[in-house]
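Trainee: The structure follows.
Any read-out appearing in this document is the output of simple, stated calculations on the displayed coordinates, not a laboratory observation. Source: prediction; values computed, not measured. Note that we place each Cβ from the backbone using ideal geometry, even for glycine, and neighbour counts take in every protein chain shown.
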Amino acid sequence: MIQTTAAVLREPKGPFTIEAITLDEPGPGEVVVRIAGVGLCHTDLLPRVAEGLPLPLVCGHEGSGAVVAVGDGVTELEVGDHVVISFDSCGSCRSCESGRPAYCATFFPRNLSGRRVDGGTNAKDAAGEDVSARWFGQSTFAAVTVVTARNAVKVDKGLPLHLLGPLGCGFQTGAGAVLESLRVEPGSSIIVFGAGAVGLAAILAAKAARAETIVAVDLNPGRLELAAKYGATHTFDGGAVDLGDLLRQATQGADYAVDTTGVPTVIRIAIDALHPGGVCGLIGALRGDLIIDPTLLAVGRTLKGIVEGDAVPQQLIPRLIELWQAGEFPFDELIRTFPLAEINDAEEAMRRGDVVKPVLIP
Ligand SMILES: NC(=O)c1ccc[n+]([C@@H]2O[C@H](COP(=O)([O-])OP(=O)(O)OC[C@H]3O[C@@H](n4cnc5c(N)ncnc54)[C@H](O)[C@@H]3O)[C@@H](O)[C@H]2O)c1
Ligand SMILES: [Zn+2]
Ligand SMILES: [Zn+2]
């Protein structure tokens, strides 16, 4: 048995509580990681609104840390390795075999059920009751956790390990949408709706990809300032009544758009702002049904759903670290650290938009 402390969610609307829990020893294909830092992503708050998730639950899916034990059959990692932990996938379904693990046939049960694919879990609370601790195959709101080895991307020991976790989801998602999914071309134009953790990563990646026109749209003036600082050539208030006209003037019809807001009215504006043949990537968790006039798509436009930036984490995370080292992906500047015990304050700060990416330090 492994003894640790974790931030546990017991009620959908309740606080996270710091508790002692016990974890089973790692099984085949699993490793134990001592967490150095873990990002807070909006998806960690899904159990507050989604029905049917098995509480109590330990969330956290942007962890980084050092391997302290390995289970049977793990050959790629050893004790002492530093890792960034990303999403889980099976490795053997049609999507995984074709290099698209974000579309793994068992993506949802592996990442968003809190349990193993068979419904089991590996953790108990102080009263001996089951705790769901397989969120994204990691449940990293904890001092120590058991992780699927396939999720863990080995990184250089000279890097600031405690800051790297968000490369496993939020930053990977925004950057991957631009670099992997849309494959933004030099000289092209892109509009990014929502300049939060995901949108700002998309803007940084668009600049690194040498897009010529990079437009940011947000309701929060502070976020628009950040967007301009990190590469947006134009910034617009999402509430502007003539937003569509402003976007067309800035881009003459954009080659690409990405939505990180999930707001259906915003997505309709995004599609309408595309040049014929343009592509709109959908990243934000949809807030309601998306109803669109079919003529919006008739001119060869594409609407594309994107999970985790279409990333193969073992490839994209090292690439983002290289871009960071080259000064082209300063994701660390978007982070504010909080002790794990202050996770409820971190959640509030993120909701208010005061901090782009909270990282919790156990
Ligand atoms: N598809 C995936 O794989 C994946 C991965 C990570 C996150 N997500 C989702 O992406 C979304 C964005 O995540 P984030 O961490 O960047 O969130 P965030 O809160 O940091 O950023 C969202 C931004 O959108 C802005 N915004 C909200 N409504 C708007 C509107 N009507 N018009 C313009 N701007 C508006 C907010 O002010 C904020 O700056 C979330 O829904 C999250 O769940 C999806
Ligand atoms: Zn996430
Ligand atoms: Zn798979």
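Trainee: Please identify the trypsin sites (Lys or Arg not before Pro) of the range 1-49 that satisfy two criteria: DSSP loop assignment and at most 10 other Cβ atoms within 10 Å. Which are they?
Mentor: Listed in order of number, the matching sites are LYS13.
Trainee: Hey, how much of the P(r) for the chain falls beyond 41 Å, as a percent of Cα pairs?
Mentor: 10
Trainee: Another question, if that's okay. Run the quick spin-label model on ASP354 and GLU322: label points 7 Å from Cα toward the beta carbon, then report their separation in nm to one decimal.
Mentor: 3.9
Trainee: Now, a different point. Under the 0.36 nm per residue contour assumption, what length would be gained going from the current alpha-carbon distance of VAL49 and LEU296 to full extension?
Mentor: 85.8 nm
Trainee: Neighbour counts of other C-beta atoms within 10 Å: give me CYS280, CYS169 arranged from fewest to most.
Mentor: Lowest to highest Cβ neighbour count: CYS280, CYS169.
Trainee: Further, regarding this structure: Strictly over 24 Å apart at the Cα level, which of LYS13/LYS357; LYS154/LYS229; LYS154/LYS304; LYS157/LYS207 would you flag in this model? Numbers along the way, then the final one.
Mentor: Values: LYS13/LYS357 21 Å; LYS154/LYS229 31 Å; LYS154/LYS304 30 Å; LYS157/LYS207 28 Å.
Beyond 24 Å: LYS154/LYS229; LYS154/LYS304; LYS157/LYS207.
Trainee: Follow-up. Mind checking the angle between helix 313-325 and the chain's longest principal axis? C-alpha axes, 0 to 90 degrees, to the nearest 10.
Mentor: For helix 313-325, the angle is close to 70 degrees.
Trainee: Rounded, prolate or oblate, given the Cα gyration tensor of the range 175-306, with a/c below 1.5 counting as rounded?
Mentor: Because its axes are fairly even, with a/c under 1.5, the range 175-306 counts as rounded.
Trainee: Work out the FRET efficiency for ILE361 and PHE108 from their Cβ-Cβ distance, taking R0 = 25 Å, and round it to the nearest 0.05.
Mentor: Computed FRET efficiency for ILE361 and PHE108 comes out at 0.25.
Trainee: Can you tell me which of LEU23, LEU247, LEU290 moves the most in a GNM of the chain? Springs connect C-alpha atoms under 10 Å apart.
Mentor: LEU290
Trainee: Give me the distance between the Cα centres of the range 1-64 and the range 120-155, rounded to whole Å.
Mentor: If you average the Cα positions of each part, the centres end up 6 Å apart.
Trainee: For the chain, find the longest principal axis of its Cα atoms and tell me its angle to the long axis of helix 343-352, 0 to 90°, nearest 10.
Mentor: 10
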